[in-house]
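Some notes on the structure that comes next.
The values are calculated or read from the model by the stated rules, or taken from the named source; none is laboratory data. Quick caveat, the model's predicted, so the values are computed rather than measured. Note that each Cβ is placed from the backbone with ideal geometry, even for glycine, and that neighbours are counted across all protein chains shown.
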Amino acid sequence: MQPGDRVRKSLAGRAALADRSQQLSAPLRTLLLMIYGDKTAAEYSEIAAKLPAGREGFKQLIDQGLVEVVPGDALLAPAPPPAGSEPLQAPLADVEAVEATHTIDEAKLQRALYPEFVKCVAAIGWRGVFLQQKVERAMSGKELLLLRGELETALAKAKGEPARQEFSQRIDFLLSQ
């Protein structure tokens, strides 16, 4: 692993958080929750050093396969085909049509709101760990908006009314776009 490599939750890590299938200690679970995939290995190592799990906990998450390392140059390269797979003869021939559950506007709304909600939870600090779980589970912009009041209340308690008002204004601005 290189310091510039990106780190993100693996599918096993997401599953472990969602259904608590693995017996993770509270410090490791908290550290796993804090990994969003937006930072490098070096940045997450520094974050881990400040948490109870420490750098050793970060290494444990990687060793257990709950966190995966994506080399910096792999982000630009196309994904290789799975080992032992045959090339598709008739792509999507066996796929049934599925009705969309979200509109394009709904997807844009979620992409716009999600980073703001994550920043808000990060500003709340340790009190926002459970809120981060709720934000991660939100599958649409509408579901994120249902969490808005709860986030604003927690932000006001943690950082004061001016911070809450600023967050509210940013969300209102995004909704007006």
Item to check | Some residue of segment 134-157 being more than 19 Å from residue 106 (Cβ to Cβ), touching a residue at least 12 places away in the same chain (Cβ under 8 Å) and in contact with an Asp or Glu (Cβ under 6 Å, 6 or more places away or on another chain) | outcome: no
Checklist entry - Among the residues of segment 140-155, which ones are crowded, with 17+ Cβ neighbours inside 10 Å, closer than 23 Å to residue 126 by Cβ and of a type in the set (Gly, Ala, Ser)? => result 154
Checklist outcome for this item: Residues of segment 46-64 being farther than 15 Å from residue 29 by Cβ and part of a loop (DSSP other than H, G, I, E, B), in sequence order, are 50
Item to check | Restricting segment 107-118 to residues that are within 24 Å of residue 15 (Cβ to Cβ) and aliphatic (A, V, I, L, M), the residue that is surrounded by the fewest Cβ atoms within 10 Å (Cβ to Cβ) | outcome: 107
Item to check | Those residues of segment 65-75 which are touching a Ser or Thr at 6+ places or on another chain (Cβ under 9 Å) and either closer than 16 Å to residue 30 by Cβ or modelled with pLDDT under 85 (or both), in sequence order | outcome: 66, 67, 72
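Okay, residues lined up against (1) exposed (fewer than 14 other Cβ atoms within 10 Å of the Cβ); (2) β-branched (Val, Ile, Thr):
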{"position": "8", "(1), (2)": "no, no"}
{"position": "16", "(1), (2)": "no, no"}
{"position": "20", "(1), (2)": "yes, no"}
{"position": "30", "(1), (2)": "no, yes"}
{"position": "34", "(1), (2)": "no, no"}
{"position": "44", "(1), (2)": "no, no"}
{"position": "58", "(1), (2)": "no, no"}
{"position": "61", "(1), (2)": "no, no"}
{"position": "65", "(1), (2)": "yes, no"}
Item to check | Qualifying residue in segment 4-25 (condition: assigned to a helix (DSSP H, G or I), farther than 21 Å from residue 126 by Cβ and in contact with a strand residue (DSSP E or B) (Cβ under 6 Å, 6 or more places away or on another chain)) | outcome: no
Checklist entry - Tally time: how many residues in segment 119-177 are more than 27 Å from residue 15 (Cα to Cα) and either part of a helix (DSSP H, G or I) or at pLDDT 90 or above (or both)? => result 25
